[in-house]
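Structure first, then comments.
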Amino acid sequence: GGAAKLRLMFEVLELRFNEERYMAEEGGLTVDITNYSFSSPCPGLRIMLSGYSHKLPTLLRNLVGAICGLRIDPDVFEMAKERAVLDYRNRRYQQPYQHSLLACHEALERPFFSYERRLEAVEACSAQDLAAFHADFVSSASVDALLAGNI
């Protein structure tokens with residue numbers, strides 16, 4: 001259930017932070033928030049910010065503030081849930097090489113949660129469940145960071 005709730009939290013965050021993200025991207029900055037690394041699902045949120053601006057620290061501060069202060073209201077939750085359910089249902093129609101990558105992860109990762117199990121967990125999740133998960137996530141969060149470039 002935790003991987004599915006993390007996905008739902010990510011979707012709610014995307015919907016809540018969308019306006020600021022748009023403005024940053026119009027200003028030449030890139031904002032990438034996901035719960036996937038380059039090769040497999042990761043146990044937390046992966047945030048990548050890039051671009052050439054003195055506003056990157058402000059954007060990061062606002063994003064972390066949005067994560068910590070995330071409100072899970074029922075309307076936004078339902079939109080996020082619909083997006084996640086649709087994505088998990090469509091995974092079975094991915095290209096064959098994507099299925100082979102998934103099979104590789106299934107063989108190598110423990111614990112491994114298939115898209116079908118994640119879909120079931122997302123469908124069973126309520127806004128109250130996600131709010132409780134968010135509180136636990138924020139209270140136990142830690143940051144691993146890599147900064148590169150002219151800092």
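The values are calculated or read from the model by the stated rules, or taken from the named source; none is laboratory data. Just so it is clear, the structure is predicted and the values come from calculations on it, not from any experiment. No Cβ is skipped: glycine too gets one built from the backbone with ideal geometry, and neighbour counts run over all protein chains shown. Just so you know, the surface numbers come from the protein's heavy atoms only, side chains and all, with ligands and any DNA or RNA stripped out. Shrake-Rupley method; radii C 1.70, N 1.55, O 1.52, S 1.80 Å.
Quick grid of which residues meet (1) more than 16 Å from residue 13 (Cβ to Cβ); (2) of a type in the set (Ser, Thr, Tyr); (3) touching a helix residue (DSSP H, G or I) at 6+ places or on another chain (Cβ under 9 Å):
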{"residue": "114", "(1), (2), (3)": "yes, yes, yes"}
{"residue": "117", "(1), (2), (3)": "yes, no, yes"}
{"residue": "122", "(1), (2), (3)": "no, no, yes"}
{"residue": "128", "(1), (2), (3)": "yes, no, no"}
{"residue": "135", "(1), (2), (3)": "no, no, no"}
{"residue": "138", "(1), (2), (3)": "no, no, yes"}
{"residue": "141", "(1), (2), (3)": "no, no, yes"}
{"residue": "144", "(1), (2), (3)": "yes, no, no"}
{"residue": "148", "(1), (2), (3)": "yes, no, no"}
Practice prompt. Hey, can you tell me all the residues within segment 78-136 that are among the β-branched types (Val, Ile, Thr) and under 26 Å from residue 68 (Cβ atoms)?
Written response: 122
Practice prompt. Sort through 61, 110, 92, 117 and tell me the only one that's assigned to a loop (DSSP other than H, G, I, E, B) and surrounded by fewer than 16 Cβ atoms within 10 Å (Cβ to Cβ).
Written response: 110
Worksheet item: Could you say whether any residue in segment 109-123 is in contact with a Gly (Cβ under 6 Å, 6 or more places away or on another chain) and either over 24 Å from residue 31 (Cα atoms) or modelled with pLDDT under 90 (or both)?
Response: yes
Item to complete: Could you tell me which residue of segment 37-58 is modelled with the lowest pLDDT, considering only residues that are in a strand (DSSP E or B), open to solvent by 40 Å² or more (accessible area, probe 1.4 Å) and out of contact with any helix residue (DSSP H, G or I) (no Cβ under 7 Å at 6 or more places or on another chain)?
Response: 43
Discussion item. Based on this model, can you work out whether residue 79 counts as in contact with a helix residue (DSSP H, G or I) (Cβ under 9 Å, 6 or more places away or on another chain) and not β-branched (Val, Ile, Thr)?
Written reply: yes
